[in-house]
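Down below is the structure, laid out as structure tokens.
Every number here is computed from the coordinates shown, using simple stated rules; none is lab data. Here the structure is a predicted model, which is why all the values come from computation and not from measurement. Every residue, glycine as well, gets a Cβ built from its backbone with ideal geometry; the counts of neighbours run over all protein chains shown.
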Amino acid sequence: MNDILNCRRPLTTTTALLFEAAWGISARLLMRMQLDCNMQQTTSDKSFMERLAQIRKYAALL
């Protein structure tokens, strides 16, 4: 659980549903939180963000 909360291990849909059953926390809410964590990690990756900027620049020319 600690690894999931600290974004060191992803939450799976199966785990989210198990947490929902055990604790009554919405699996959809937990999965949205996982998505937020994924987006934060991805946008912190400078090389990926540079690549994304190049793609956007090229796409704007089309």
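Using the Karplus relation 6.51 cos²θ - 1.76 cosθ + 1.60 with θ = phi - 60°, the per-residue 3J(HN,Hα) values for the range 28-35 come to 5, 4, 4, 5, 5, 5, 5, 4 Hz, with x marking Gly and Pro. Couplings 3J(HN,Hα) of the range 50-59, computed from phi: 5, 4, 4, 4, 5, 5, 5, 4, 5, 5 Hz, in residue order, whole Hz [Karplus 6.51 cos²θ - 1.76 cosθ + 1.60, θ = phi - 60°; x for Gly and Pro]. For trypsin sites (Lys or Arg not before Pro), the sites in the chain that DSSP calls loop and that have at most 10 other Cβ atoms within 10 Å are 8. For q values of 0.17, 0.26 Å⁻¹, compute log₁₀ I(q)/I(0) with the Debye formula on a Cα-only model of the chain, without solvent. One equal scatterer on each Cα of the chain leads to -0.65, -1.02.
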